[in-house]
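Below: the structure, in structure tokens.
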Amino acid sequence: MDLLLMILAAVVVAVIVAIFIVKVLPLKLRWMASLLLLAATVLLCVKIYDGIMLPIKFNEEKVVKYTKVVNRLKIIRDAQLKYYEVNNKYTDDKKGLIKFIETAELALTETRDTIIKVNAGGGIINDVPKKIKDTIGYEPVLKYFKNRDYKNMFTIPGTNGKEFYVEAGTVEKVEGLVVPTFIAKCKKEEILKGMDDSLVKQELEAAATDQIKGRFVSVGSLEEVSTGGNWPPSYDKKERESKKKNKK
């Protein structure tokens, strides 16, 4: 809208200047006015180019910044999932979660089918199938974070050491069933600090399916049972491609 107004204003000014040159300015001075008009035209073209390129460059830089943040949030999410696997809950203890990655072990289990005898009464014994889960060993949690910067996972990239907000809670999924939840998030303003203010304000209202919606970049939820992030699928593209290669 600002760019359109600038173009319309420039057209109006150009028309007024042209009329002034033809009807008022002496013939011997018209060459000076023409040079000024040419300079103004060049300046306008530069402004229009900058106006077109500014949002394009903003979006490119924004995606780079968001990608780094999303990658950190994915590490936090994976750490929380492993913590839940061991403790049946999530945690908001940042140092404790890092220590958990470095020291905890996951039980390796094997499920087998068996038959148990059940007394149905009246001297009747029924064979009832049952699944039994056996622990066959353990593996370190650290194995799942190889070559991942988990020690700095709570630091928001590009913000001079600011950290993600992390909270653990519970939600009643159905009456009587309370399920653990967690969220990790940061404000978009912190990530986009130093960029064009008007475009940052627009970004805070983002609602398109190919954008990160709202004022935060986040993973998990305290209101519903979810361990997903609020970013679009495009931020998971490299991950999907990597999984495909590994399957091959």
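Here are a few things to note about the model shown:
- Separation in nanometres of the label points that stand 7 Å from Cα toward Cβ, at E175 and K133: 2.9 nm
- The distance between label points at D93 and E105 comes to 2.0 nm (points 7 Å beyond Cα on the Cα→Cβ vector).
- Calculated on the Cα set of segment 177-234, radius of gyration then Dmax: 13.3, 47 Å.
- Greater than 27 Å apart at Cα, pairs in K89/K143; K146/K201; K74/K130: K146/K201; K74/K130
- Per-residue Cβ neighbour rank within 10 angstrom, fewest leading, V64, V174, V141: V174, V64, V141
- Ranked list, fewest to most other Cβ atoms within 10 Å of each Cβ, for T111, T67: T111, T67
- Computed lengthening from N59 to T155, 0.36 nm per intervening residue step minus Cα-Cα distance: 32.3 nm
- Residue by residue, segment 75-83 carries 3J(HN,Hα) couplings of 5, 4, 4, 5, 5, 5, 5, 5, 4 Hz when phi is fed to the Karplus relation 6.51 cos²θ - 1.76 cosθ + 1.60 (θ = phi - 60°); x denotes Gly or Pro.
Only the coordinates and a few stated rules stand behind these numbers; no lab work does. If you're wondering where the values come from, they're calculated on a predicted model, not measured in any experiment. Please note: Cβ atoms are built from the backbone with ideal geometry, for glycine as well, and neighbour counts cover all protein chains shown.
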